[in-house]
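Working notes, structure below.
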Amino acid sequence: MTDELTPAQHAMSSCVGAVLTSVIMSPLDVVKIRLQAQQKPFKVGSCFIYSNGLMDCLCVCSHCHGDANSKNSVSSRIRPWYERPGHFNGTLDAFIKITRTEGVTALWSGLPPTLLMSIPSTVIYFTAYDRIKYRLGYDEHDTSTCHVPVAAGILARALAVVLFNPLELLRTKMQSSRLSYFQLKEAIKISIGNNGLVFVMKGLGPSLLRDIPFSAIYWFGYEFTKSYQMRHYHTTDVNLILTFASGAVCGSTRLLFCGETRKCDCAFPVGCSADPAI
């Protein structure tokens, strides 16, 4: 079977899917972070994982305004969204109180900056996967090609990680050290002078070890489940229900193999040196 979509169509569908996923999933993570911050307030230099449904973003707390009930505390209006007081009694209560006191848009706090990286990364990942899969001769109706999604998933994920890992490193450094764009430029020059271009690939190994097994297992399970359903129902058409069911099944199954390596339920410190070099 050959791919009937052009690269532009792949990119457009990936982009639309990425935006919809972020809009649906981000409120759940915002509520989770607010509940965690209520139980154990974040400190300056600590960081937490913000998941917009597409990728996990490391967010560093560069400001801290103390207890919300303190006389010296800063008004909740100018507090970072993860420090705003709430006194929540659970997930549902957090949804209701955040919506009532801060407005519905507060459920998507912190989302726009993360989309600047997650959408391009997702578009490249999914587009590369589909193009590589069919280049390697994958056919939904040929069980002898069931190994192809594994190779395609590994190559596509590796490409996305290699391209965007340096950007994530720079974004985290800029946020943790509160650098301006000019200072960040100087920090990059210093780092290249001291360490060469190797510094931009810091953290690449762990990122690959985390993402590649997930990608290989996910795409194998997804394509296998989809092909099985197509054969079972004697159909050559791929519909929304079929793809949704396949994604749900393999997304749940991969947890048995990879574990939940992407979740962090506590804040942890990061170095915020006065030296701007990375």
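Suppose the filter is at pLDDT below 70 and open to solvent by 30 Å² or more (accessible area, probe 1.4 Å); does Pro206 pass it?
Numbers: at pLDDT below 70: no; open to solvent by 30 Å² or more (accessible area, probe 1.4 Å): yes.
No.
Hey, does the range 240-252 have a residue that's at pLDDT below 80, polar (S, T, N, Q) and in a loop (DSSP other than H, G, I, E, B)?
no
Among the residues of the range 102-112, what is the count of those that are open to solvent by 70 Å² or more (accessible area, probe 1.4 Å) and either free of Cβ contacts under 8 Å to residues at least 12 places away in the same chain or touching a Cys at 6+ places or on another chain (Cβ under 8 Å) (or both)? Spell out how you get there, then give the answer.
Here is the first cut: in the range 102-112, the residues open to solvent by 70 Å² or more (accessible area, probe 1.4 Å) are 104-105, 108, 112.
Within this subset, residues satisfying the condition of being either free of Cβ contacts under 8 Å to residues at least 12 places away in the same chain or touching a Cys at 6+ places or on another chain (Cβ under 8 Å) (or both) are 104-105, 112.
Count: 3.
If Ser73 satisfies every condition in (1) of a type in the set (Ser, Thr, Tyr); (2) over 18 Å from Lys40 (Cα atoms); (3) at pLDDT below 90 but one, which is the exception?
With (1) of a type in the set (Ser, Thr, Tyr); (2) over 18 Å from Lys40 (Cα atoms); (3) at pLDDT below 90 applied to Ser73, the lone miss is (2).
The values are calculated or read from the model by the stated rules, or taken from the named source; none is laboratory data. Since we're looking at a predicted model, the values are computed, not measured. Reconstructed Cβ throughout: ideal geometry from the backbone, glycine too, with neighbour counts over all protein chains shown. Ligands, DNA and RNA are stripped out before the accessible areas are found, and what is left, the full protein with its side chains, is counted by its heavy atoms. Shrake-Rupley method; radii C 1.70, N 1.55, O 1.52, S 1.80 Å.
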